[in-house]
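Each remark here refers to the structure printed beneath this line.
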Amino acid sequence: PDYFKIVTKPMDFNTITDKLASRVYENVLEFKSDMELVFENCRLYNKLEDNIVRKAGNELEEIFRKSWASHDIESKLQTGKAELTREEKMMKECDKIVHFLKKHKYAQPFLKPVTADILQNPELWAKYQDVIKEPMDISTLANKLRRRKFKDIDEFKDACHLIFDNCFKFNFPGDPVHKAGQHLKSGFKKRWRKLEEKFGIERLKPEAEAWKRVEGIVGKIANNDLSISFRAPVDKISVPDYYDVIKQPIDLGAIQVKVQAKEYGSPAEVKDDMDLLFANCRQYNGEGDPVRSRGEELSAVF
């Protein structure tokens, strides 16, 4: 229980192996530094010279040092290596993002492709196949990136967003997997901003025409007669249990205000809120309820 109080920079061989596979290391010296950190941590925690773990660590360190020396790695570094292009450097940053996603606290539901065995429910599996037309997961993302199958970082970014979009499309707000997707997406967005800052990439706003269309679509939905139940926040007095059920409320009025104030980063974020509006409707209103029926019709219009 006291290990992480003493060892503040933990490192292990599994993490190193994963970083190698994900091309996280900028150079071999970063790899060597992590290996040395493993042995330093071993000595730091296991103080006694005759401790069995410390002895094993010392033996492994000696094997590593001899292997490193026998391969003459240090002198080979002096010969130099072709400088990476800007595109290659950006792809290396994407390698780091994938490693981050793999190790994220909430990554578990997204590590592997969704299968019938994972869902363990034939009806749910059939629904998944019907709803999700373009599946994506972190292992597929990592394999494609490792083989450099993305033409550029924007294509890689789109694949990342596909993981989140699929999550929010299939899982209702409030569902543990939906919540995990929100946490993972938040972490991804922070790492992506760091990449943009590092390479001086301007976060370009969509063209004015695109935003004009978005505003027109949202306005059209808000003015539709079917939208009467969705134009303003649900009244807590009239529907006292609504906010116990719906943890992420949204309404058309709020969406319109955000669009007009240019608070959305992209049209896709507007769509996310619209999808949330209809998902909330389905979650709270049962089959056959007039509000649900209007919501489904309005969703089809959208």
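So that you can scan it fast, the table gives a plain yes or no per residue for (1) in contact with a strand residue (DSSP E or B) (Cβ under 8 Å, 6 or more places away or on another chain); (2) within 23 Å of Gly265 (Cβ to Cβ); (3) of a type outside the set (Val, Ile, Thr); (4) surrounded by 14 or more Cβ atoms within 10 Å (Cβ to Cβ):
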{"position": "Ile118", "(1), (2), (3), (4)": "no, no, no, no"}
{"position": "Asp130", "(1), (2), (3), (4)": "no, no, yes, no"}
{"position": "Arg146", "(1), (2), (3), (4)": "no, no, yes, no"}
{"position": "Gly181", "(1), (2), (3), (4)": "no, yes, yes, yes"}
{"position": "Lys194", "(1), (2), (3), (4)": "no, yes, yes, no"}
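Across the range 258-294, the qualifying residues are those that are over 18 Å from Val239 (Cβ atoms), of a type in the set (D, E, K, R) and surrounded by 15 or more Cβ atoms within 10 Å (Cβ to Cβ), and the one among them that is modelled with the lowest pLDDT is Lys258.
Quick check on the range 238-252: of everything there that is within 11 Å of Leu277 (Cβ to Cβ) and free of Cβ contacts under 8 Å to residues at least 60 places away in the same chain, which residue is most open to solvent (accessible area, probe 1.4 Å)? So, considering only residues that are within 11 Å of Leu277 (Cβ to Cβ) and free of Cβ contacts under 8 Å to residues at least 60 places away in the same chain, the one most open to solvent (accessible area, probe 1.4 Å) is Pro249.
Considering Phe110, Phe156, which residue is under 10 Å from the mean Cα position of the chain (by Cα) and open to solvent by less than 50 Å² (accessible area, probe 1.4 Å)? Even if it seems obvious, please write down each step before you answer.
Numbers: Phe156 fails: under 10 Å from the mean Cα position of the chain (by Cα).
Answer to the selection: Phe110.
Checking each residue of the range 164-175 against the condition of being within 27 Å of the chain's Cα centre (by Cα), exposed (fewer than 14 other Cβ atoms within 10 Å of the Cβ) and among the polar types (S, T, N, Q) gives no match. Taking the range 41-69 as the range and being assigned to a helix (DSSP H, G or I), surrounded by fewer than 15 Cβ atoms within 10 Å (Cβ to Cβ) and of a type in the set (Asp, Glu) as the test, the residues that pass are Glu59, Glu62.
The values are calculated or read from the model by the stated rules, or taken from the named source; none is laboratory data. Worth saying up front: this structure is predicted, and the values here are computed from it rather than measured. Glycine gets a Cβ as well: all are built from the backbone with ideal geometry, and neighbour counts include every protein chain shown. Quick note on the areas: whole protein, heavy atoms, side chains included, nothing else; ligands and nucleic acids left out. Shrake-Rupley method; radii C 1.70, N 1.55, O 1.52, S 1.80 Å.
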